[in-house]
Amino acid sequence: AGETRAILDLDGMSMLVSAGGTREPIDPVRFIGNRSSGRQGVAIAVAAADRGADVTLLAANIDAAILADVEAHPGIAVTAVSSADDLERELTARAESADVIVMTAAVSDYRVDGASDQKIRKEDHPDGAPTLQLVQNPDILQGLAADRWPGQTIVGFAAETADSTDELLERGRRKRERKGVDLLAVNEVGWSAGFEQEQNTLHLIDAHDDVLRTVSGTKRQAAEGLLDTILRVRVR
Ligand code: CTP
Ligand code: CA
């Protein structure tokens, strides 16, 4: 019904999708996070499962209301993760058996070096604020792409700000190459565009630097366009 397709063109495909945003602990009650709701990744998981794929969703801090669609779906297994480290561990454990990996999760670029076991209290810093020492997280996507087997398809996402579409695509091409992925979905964002709103535009850049497709519409429509494009890069 509605946007749901009856064609099971992903039947037999195993797909691993990450979604949401990681949280990096500062102390037991605080974290560094970001604004990714997980909606686009959830839409991809649901669309893929509706088309017959066997989907595992690694959900990083996604609201229960947003996850309701996937938890009810017989074609999707959900595992909750929190930090980048959790996400990397769960991905690595499942990567080899996936035909396609789609990384929509916003992975924190940095984590706090030596997060405190105890709550940080103001009385411990009477003269000012504590300093957080940050260290870089590993690039999970780059690692998955480097380790992929022939025939496995690795898809990345990039939310970018840019002054023009040309600049956006140029950034996207550089990032696609740096990550070594088969496909990079570039999403233009501003302070609100692309995050909370339902409408979305994705530019899909392949390994030849070509924009294979630009899909605009609801997150579900963007998901369908992405899945069509994944099928296209897999057959050539
Ligand atoms: N990603 C990842 N591991 C990281 C950072 C990002 O796997 N440590 C993945 C994201 O899930 C996404 C893609 O890489 O699919 C692009 O993320 P992005 O933050 O745009 O890339 P970065 O390399 O972190 O570049 P930037 O400096 O623009 O944030
Ligand atoms: Ca980043």
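What to note about this one:
- Hydrodynamic analysis of the chain uses the Kirkwood radius over alpha carbon pairs. Inserted into Stokes-Einstein at 4 °C and 1.567 mPa s, it gives a translational diffusion coefficient of 70 µm²/s.
- Cα shape, region 106-205, gyration tensor, a/c 1.5 rule: oblate
- Carbon + sulfur, % of accessible area of the chain - ligands and nucleic acids excluded, 1.4 Å: 47
- Ellipticity estimate at 222 nm from DSSP helix runs (n ≥ 4, -39,500 (n - 2.57)) divided over the chain, nearest 500: -9500 deg cm²/dmol
- Put simply, the amide H of Ser83, placed in the peptide plane, has neighbours under 5 Å in Arg23, leaving out anything fewer than 5 places away on its chain.
- Förster radius 41 Å - calculated FRET efficiency between His208 and Val29, Cβ distance, rounded to 0.05: 0.30
- In the full protein context, region 1-70 carries 41 Å² of accessible surface per residue, based on a 1.4 Å probe and ignoring ligands, DNA and RNA.
- Relative contact order [Cα under 8 Å, 6+ residues apart], region 89-221, whole percent: 19
- Approximating the spin labels as points 7 Å out from Cα along Cα→Cβ, the Thr161-to-Glu198 distance works out to 2.7 nm.
- Per-residue surface analysis assigns Asp147 an accessible area of about 130 Å², computed on protein heavy atoms at 1.4 Å probe radius.
- Ordered by solvent-accessible area of protein heavy atoms (1.4 Å probe), largest first, the residues Leu169, Leu231 come out as Leu231, Leu169.
- In Hz, Karplus ³J(HN,Hα) per residue of region 37-54 (6.51, -1.76, 1.60; θ = phi - 60°; x = Gly, Pro): 7, x, 4, 5, x, 5, 4, 5, 4, 5, 4, 5, 5, 4, 8, x, 6, 9
- Of the GluC sites (Glu not before Pro) in region 127-230, the ones in a loop by DSSP (not H, G, I, E or B) with at most 11 other beta carbons within 10 Å are Glu196, Glu198.
- The chain: relative contact order in percent, alpha carbon pairs under 8 Å with at least 6 residues between: 18
- In Å², nearest 10: area of Arg35 left accessible to a 1.4 Å probe: 110
- Heavy atoms of Leu144: accessible area, 1.4 Å probe, square angstrom to 10: 20
- J(HN,Hα) series, region 163-170, from Karplus relation 6.51 cos²θ - 1.76 cosθ + 1.60, nearest Hz, glycine and proline x: 8, 8, 5, 4, 5, 4, 5, 5
The values are calculated or read from the model by the stated rules, or taken from the named source; none is laboratory data. All values derive from a computational prediction rather than experimental measurement. All Cβ positions, even for glycine, are placed from backbone atoms using ideal geometry, and neighbour counts span all protein chains on display. Surface areas here come from the heavy atoms of the whole protein model, side chains and all, with no ligands, DNA or RNA. Shrake-Rupley method; radii C 1.70, N 1.55, O 1.52, S 1.80 Å.
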